[in-house]
Amino acid sequence: MADLILILMSFVNKFGYFGVFFSTTLEYACFPVSSEILLPFIGCCVYNGTMSLSKCIGVSLLGAVLGCSACFFAGRFGRRVIDKLSGKSIGIKNGIKKSESKFKKYGSFSVFIFRLFPISRTYISFPAGMSSMSYTTFIVYSVLGALVWNTVLISIGYMLGEHWEDFTIFFEDHKNLVNLIFILICLMIVFKILKNRKSA
């Protein structure tokens, strides 16, 4: 994973906005890329004056749409293949039912919620595709979640500036702690959004 991140960072340095688009597409397509390192690095590039903050966030969203769409349709296409090839396989059918039950329990809004949590934020696209969820709804919630996640991490990299490397070292040494902080922040955001929806 470390080698892939280094390659993508070099790609961002060399190709600018296209590098941002390509790297975020891979990250949202469930390739082993740590967004907690990649996105702050993009923000660092903005700090160094090579790119615009708003454009980087916008391009990263386009990459998010393409990447998560690939996983969504892979899940949906895979569902049809599994239905045809599995026959009466109880194990496969139970796995599909469990994925669908999560959407029945939490609703389509769960796509937005899971976009704000490490690891699950990318893999949520597969069960979404396997369910009967509308692609339009999936994209809307995915973009909203990706907008929050990408904006926060790219902005952190921008604010850190030349101290970005210190952050990456700290992240590698205290990955669980950093992810826990991200989760707590995301829980606060989700709680506030749900509270506002309930009030409305």
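Read the figures in this text as sums done on the coordinates, not as results from a lab. Just so it is clear, the model here is predicted, and its values are computed rather than measured. We place every Cβ from the backbone using ideal geometry, glycine too, and count neighbours over all the protein chains shown.
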| note | Rounded to 0.05, the calculated FRET efficiency for the beta carbons of SER108 and SER54 at R₀ = 22 Å is 0.20
| Gain in span if fully extended, LEU147 to LEU62, counting 0.36 nm per residue against the direct Cα distance | 29.6 nm
| task | Using label points projected 7 Å from each Cα along Cα→Cβ, tell me how many nm separate PHE15 and SER132, to one decimal. | result | 4.0 nm
| request: Report the chymotrypsin sites (Phe, Trp or Tyr not before Pro) located in region 107-138 that are in a DSSP loop and have at most 13 other Cβ atoms inside 10 Å of their Cβ, or state none. | output: none
| task | Step through the residues of region 62-69 one at a time and calculate ³J(HN,Hα) from phi using the Karplus curve (6.51 cos²θ - 1.76 cosθ + 1.60, θ = phi - 60°), rounding each to whole Hz and writing x for Gly and Pro. | result | 4, x, 4, 4, 5, x, 6, 5
| Neighbour-count order for CYS44, CYS68, CYS30, fewest beta carbons within 10 angstrom listed first | CYS30, CYS44, CYS68
